[in-house]
Amino acid sequence: MMTKKAKMAEYMAKMEKPVSDSNYRVRGYIRISSESVGQDEKRQISGFLDFEKAHPNFTEVKHYLEKSTARGGYVRKKFNDMMSDAKANKFDLLWVEQPSRLARNTREGLNAVHELVEAGIHVYIDKFRRVFDPSNDMDKMNLAFALIMAECENDWNSRNTKKSMKVKADMLKEWAKENGLMNIRGNNAQFCDM
């Protein structure tokens, strides 16, 4: 069993070889969390295919496609499959469009990238146009900053959605009062006190 230090030394030795010269087994992780603007799977797949075309020596090029929703309770099956495959040494390089595809939470994103690196996987972040280098201060800062921005954006969207829903509910309640409809139960749509 290799120590973490030995694994990192092996990883850093591989980092010296350019990605374009490598016969890596490559996987792409593509995640869309909604059908909103900017969450188009075709754009991410196209980016991954362009990356593959630019590196003809790659072998075993495949991708994981995860479609999730904001409704909660969703288990990231493809993400878990990808992480298991990484730990089982089934591929060498993971392509992601941007760090937020791995997680919408800073801690989970950093943990995922570091688990991949510790498993010997090179993480290519298309937004940065490079393989993440855990010994490079700018790479670490860019990764952390991108994940912090994604988490803040997610939190902001969540707060605004809740605020918007409350405003709409208050407007509907006021309209119901004005129109004498306050005795309707919304949960089972039965009329009462008529």
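Report the far tail of the P(r) of the range 47-177, meaning the percent of Cα-Cα pairs longer than 26 Å.
34
Obtain the nm distance between the two label points defined at residue 88 and residue 160 by a simple spin-label model: each point lies 7 Å from its Cα along the Cα-to-C-beta direction.
In this crude spin-label approximation the distance works out to 4.1 nm.
To the nearest µm²/s, what D does Stokes-Einstein give for the range 81-149 at 20 °C and 1.002 mPa s, using the Kirkwood radius over alpha carbon pairs as Rh?
Result for D is 181 µm²/s.
Please report, largest first and rounded to whole Å, the three semi-axes of the ellipsoid equivalent to the range 43-111, where each semi-axis is the square root of five times an eigenvalue of the C-alpha gyration tensor.
Equivalent ellipsoid semi-axes, largest first: 23, 15, 12 Å.
Run the accessible area of the range 100-169 with a 1.4 Å probe and give the carbon-and-sulfur part as a rounded percent.
55
Find the centroid of the Cα atoms in the range 150-167 and in the range 57-132, then give the distance between the two in whole Å.
The range 150-167 and the range 57-132 have Cα centres separated by 26 Å.
Among 138-147, 171-180, 88-97, how do they line up by average Cβ neighbours within 10 Å per residue, starting with the highest?
Highest mean packing first, the order is 88-97, 138-147, 171-180.
Hey, for a label at residue 114 modelled as a point 7 Å past Cα toward Cβ, could you say which residues of the range 123-145 have their backbone N under 20 Å away?
123-125, 131-145
What is the sum of charges around residue 90, taking Lys and Arg as +1, Asp and Glu as -1, for the other residues whose C-beta is under 13 Å from the C-beta of residue 90?
Counting the neighbours of residue 90, the net charge comes to 0.
The values are calculated or read from the model by the stated rules, or taken from the named source; none is laboratory data. Keep in mind that what you see is a predicted model, and the values were worked out from it rather than measured. Cβ: placed from backbone, ideal geometry, glycine included. Neighbour counts: every protein chain shown. To get the accessible areas, we keep the full protein, side chains included, count just its heavy atoms, and leave off ligands, DNA and RNA. Shrake-Rupley method; radii C 1.70, N 1.55, O 1.52, S 1.80 Å.
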